[in-house]
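Have a look at the structure below before the remarks.
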Amino acid sequence: MSILINKNTRLVVQGITGNEGLFHTRQMVAYGTNVVAGMTPGKGGEWVDEKIPVFDSVKLAVEATGANCSVIFVPARFAPDSIFEAADAGIPLIICITEGIAVQDMMRVRNYIDQKKVRLVGPNCPGLLTPGESKVGIIPGDIAIPGNMGVVSRSGTLTYEVLYALKLVGLGASTCVGIGGDPINGTNFIDVLEMFEHDPQTEKVVMIGEIGGTDEDKAAEYIASKMTKPVVSFIAGQTAPPGKRMGHAGAIIEGGAGSAADKVKALEAAGVKVAKHPEEIPSLLK
Amino acid sequence: MKLHEYQSKQIFARYGIPIPKGRVAAAASEAKAIAEELGGRVVIKSQVLVGGRGKAGGVKLAKNPDEAEVLAAQILAMEIKGLPVRKVLVDEAAAIESEIYFSITNDRAARKPVMIASAAGGMEIEEVAAKTPEKIIKVHIDPLLGLRDYQARDIAASIDLPREYWKDFSKIATGLWQVYSQNDATLAEINPLVITKDKRLVALDGKMMIDDNAMFRHADLAEMRDVDEEAPAETEARKYGLSYIKLDGSIGCMVNGAGLAMTSMDIVKLFGGEPANFLDIGGGAGSDKVAAAMKIILSDLNVKAVLFNIFGGITRCDEVARGILVAMDEVKPKVPMVVRLVGTNAEEGRKLLADAKMITAETLADAARKSVAAAKGKK
């Protein structure tokens, strides 16, 4: 078992003929992901690498291939429309890799999809990886091995760092979920913690947070009241000055709220072991 | 991106929000001319992108044009929180009956815009929130529907605004919603919105912040960016698509990925050093980007050592290593460099750098320890 994706995932890639889309489609196929369709408006009828049919719309791709998951590699100004399109086509799981979507666009997207039975992961995220089964997004496949650790993170390369540190000591992941670094996203820590809690394969959970917002604090409440599985965490941005956006749109300490120290305090109070640096995480999982 | 008060108020006026008569001046003589045009008393207000201008003495009342000239000269010679005053706004002075706080911003946790109002205007809203939170009214707006008329009336009633002002207040609320939604603002704030002695509602002060990710649809706003108010290195970094924030320490950091960049700063501090900056070179960093990043880091004279922390995923370490070599050749840095390459093609990358007089590290902790030692002049 795993969460969100597995070998039965049938993926459609939105923006498959763009540079990023094509590169990562090939990476995903090489990993074993079942990429059933691509979508680029105006390129319907073409084929990618003579294996993957391209459609003009997500609706057509779903009708023809039974795609049940979508990944979006579309520039920021068009990506909100891509999410709406996937949601309206009935795709239940949408992963948006795109960075730099305007925050008011994301508020409209989130409020719209909340009215439907749709799960959005991201935007501004590296996607999902169920080692040995399927990868949807851009996480390098070879840095993780199958195992029993659930990993959830707001960051990209920092997540790779952690997966790699786990691999070095022989620990593998059930699923790794990059929820993304934007202030408004589709899936939060709590959503993923709940899925890991109910996933039989997952034994322990690694949660990688950062400054900005209050999602880690809410996760701490959830962990204290609902979770039986141990959680180890790391929070990036101890040295970040207030009022500055640290690369990620959502990584900013505003009006005194969202500091790393506050999040660490909340997590420790909930019984979470918080690592001082990412390389300490494997020893805390022992 | 922050807008100046005068820019924000000009935008407010376009959406039917009443503002005082006035104009911006870059010289004292100009301020005098504006004061003459306006007649009567004027307020001279420094235009800098920091809060607390009033407390710093950057806002003064002038009784006549001559006094306006003298005060404008004084204010234009000031520095407020390290920022030199380059412009003043000369506004007609209002006779104030009472002051209201009124704004709209993003509520990240609720994932909706929120309108915030308070009868305790004129103060910093954080101060009101700390002392008298019950005086703050918050109303969430459905981003798909926009502000409803009844919501505007509810706000007016909740802050005990006399009924005779409800109609005008509703127009201002609608205007403020449009200012926010049509300009991709992350904040549009009127503080204070005043009731004048002659019974008008006027936005005396205004503040706006615009979402940088939405600039592609606001060419007019992009032109309003005041680069004089930014650290030059941050402006330079933006040109190359780098995310850079200057800090006060001595260890420069060059990292791929925002989360890992923050982590690298943190671990430097954990091992007894102080980070000089945040810098995310992003994915697929070619040699031109690496060179630009290196120049930006080394333009900070406090930097005594540089830490490169690259986790190769999609970005290949040998490519980054080549970038570093080209950049080293071009920039010829005089401070020690500590490099940690992990992930895709790390071995090839390390080989490329073996002859380059760089200190190599295996783990994050090792890299941090070595850069702290290097910054202190130890081997």
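The values are calculated or read from the model by the stated rules, or taken from the named source; none is laboratory data. From a predicted model like this one, the values you see are computed outputs, not experimental measurements. Note: ideal-geometry Cβ built from the backbone for every residue, glycine included; neighbour counts use all protein chains shown.
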Q: Test residue A:186 against the criterion of being in a loop (DSSP other than H, G, I, E, B), in contact with a Leu (Cβ under 7 Å, 6 or more places away or on another chain) and within 12 Å of chain B (Cβ to nearest Cβ), and give yes or no.
A: yes
Q: Spot the failing condition for residue A:142; the list is (1) closer than 21 Å to residue A:7 by Cβ; (2) part of a strand (DSSP E or B); (3) within 12 Å of another protein chain (Cβ to nearest Cβ), and only one is missed.
A: (2)
(Q) Step by step: first the residues of region B:128-155, then only those that are within 11 Å of chain A (Cβ to nearest Cβ) and outside any loop (DSSP other than H, G, I, E, B), then the one that is nearest to residue B:178 (Cα to Cα). Which residue is that? (A) B:140
Q) Could you list, in sequence order, the residues of region B:333-357 that are among the hydrophobic types (A, V, I, L, M, F, W, C) and within 19 Å of residue B:273 (Cα to Cα)? A) B:335, B:337, B:338, B:339
Q: Have a look at A:97, A:16, A:101, A:3 and point out the one that is β-branched (Val, Ile, Thr), in contact with a Cys (Cβ under 9 Å, 6 or more places away or on another chain) and touching a residue at least 12 places away in the same chain (Cβ under 8 Å).
A: A:97
Q | Neighbours by Cβ (under 6 Å, 6+ apart or cross-chain): first from region B:1-21, among the small types (Gly, Ala, Ser); second in a loop (DSSP other than H, G, I, E, B) and surrounded by fewer than 23 Cβ atoms within 10 Å (Cβ to Cβ) | A | B:13/B:19
Q: Would you be able to say whether some residue in region A:94-106 is over 19 Å from the mean Cα position of the chain (by Cα) and of a type in the set (Ser, Thr, Tyr)?
A: no
Q: Have a look at B:343, B:272 and point out the one that is surrounded by fewer than 18 Cβ atoms within 10 Å (Cβ to Cβ) and within 14 Å of chain A (Cβ to nearest Cβ).
A: B:272
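Results for (1) free of Cβ contacts under 8 Å to residues at least 24 places away in the same chain; (2) more than 26 Å from residue A:131 (Cβ to Cβ); (3) in contact with an Asp or Glu (Cβ under 8 Å, 6 or more places away or on another chain), shown as yes or no for each residue.
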| position | (1), (2), (3) |
| --- | --- |
| A:27 | no, no, no |
| A:32 | no, no, yes |
| A:37 | no, no, no |
| A:51 | yes, no, no |
| A:62 | no, yes, no |
| A:67 | no, no, no |
| A:81 | yes, yes, no |
| A:93 | no, no, no |
Q) Residues B:56, B:33, B:95, B:73: which one is modelled with pLDDT under 95 and surrounded by 14 or more Cβ atoms within 10 Å (Cβ to Cβ)? A) B:56
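Table: residues versus (1) among the polar types (S, T, N, Q); (2) over 24 Å from residue A:190 (Cβ atoms); (3) at pLDDT below 95.
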site: A:52; (1), (2), (3): no, yes, no
site: A:57; (1), (2), (3): yes, yes, no
site: A:84; (1), (2), (3): no, yes, no
site: A:87; (1), (2), (3): no, no, no
site: A:91; (1), (2), (3): no, no, no
site: A:126; (1), (2), (3): no, no, yes
site: A:134; (1), (2), (3): yes, no, yes
site: A:148; (1), (2), (3): yes, no, no
site: A:152; (1), (2), (3): no, no, no
**Q.** Pairs where the first residue, in region B:157-170, is touching a residue at least 40 places away in the same chain (Cβ under 8 Å) and on the phi < 0 side of the Ramachandran plot and the second is in a helix (DSSP H, G or I) and surrounded by 13 or more Cβ atoms within 10 Å (Cβ to Cβ), C-beta under 6 Å, 6+ apart
**A.** B:161/B:169
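Just to check your reading of the model, which residue among B:237, B:292 is of a type in the set (A, V, I, L, M, F, W, C), crowded, with 17+ Cβ neighbours inside 10 Å and in contact with a helix residue (DSSP H, G or I) (Cβ under 6 Å, 6 or more places away or on another chain)?
Step by step, each of B:237, B:292 is checked, and only B:237 is of a type in the set (A, V, I, L, M, F, W, C), crowded, with 17+ Cβ neighbours inside 10 Å and in contact with a helix residue (DSSP H, G or I) (Cβ under 6 Å, 6 or more places away or on another chain).
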Q: Could you please give the count of residues in region A:233-281 that are without any contact (Cβ under 8 Å) to a residue 12 or more places away in the chain, basic (Lys, Arg) and more than 7 Å from every other protein chain (Cβ to nearest Cβ)?
A: 2
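Residue-by-condition table, conditions (1) in contact (Cβ under 8 Å) with a residue 12 or more places away in the chain; (2) small (Gly, Ala, Ser); (3) not assigned by TED's automatic domain parsing to the domain that holds residue B:155:
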site: B:40; (1), (2), (3): yes, yes, yes
site: B:50; (1), (2), (3): yes, no, yes
site: B:61; (1), (2), (3): yes, no, yes
site: B:70; (1), (2), (3): yes, no, yes
site: B:74; (1), (2), (3): yes, no, yes
site: B:103; (1), (2), (3): yes, yes, no
site: B:110; (1), (2), (3): yes, yes, no
site: B:116; (1), (2), (3): yes, no, no
site: B:119; (1), (2), (3): yes, yes, no
Q | Entirely in region B:181-252, the strands (runs of 3 or more DSSP E) that have 1 or more residues that are more than 30 Å from residue B:369 (Cβ to Cβ) | A | B:185-196, B:201-203, B:206-210
Q: Look at region B:246-269 and say how many of its residues are more than 7 Å from every other protein chain (Cβ to nearest Cβ) and surrounded by fewer than 24 Cβ atoms within 10 Å (Cβ to Cβ).
A: 4
Q) In region B:156-192, how many residues are away from chain A (no Cβ under 14 Å) and not hydrophobic (A, V, I, L, M, F, W, C)? A) 14
Q | Any chance residue B:320 is under 30 Å from residue A:242 (Cβ atoms), aliphatic (A, V, I, L, M) and surrounded by 22 or more Cβ atoms within 10 Å (Cβ to Cβ) | A | no
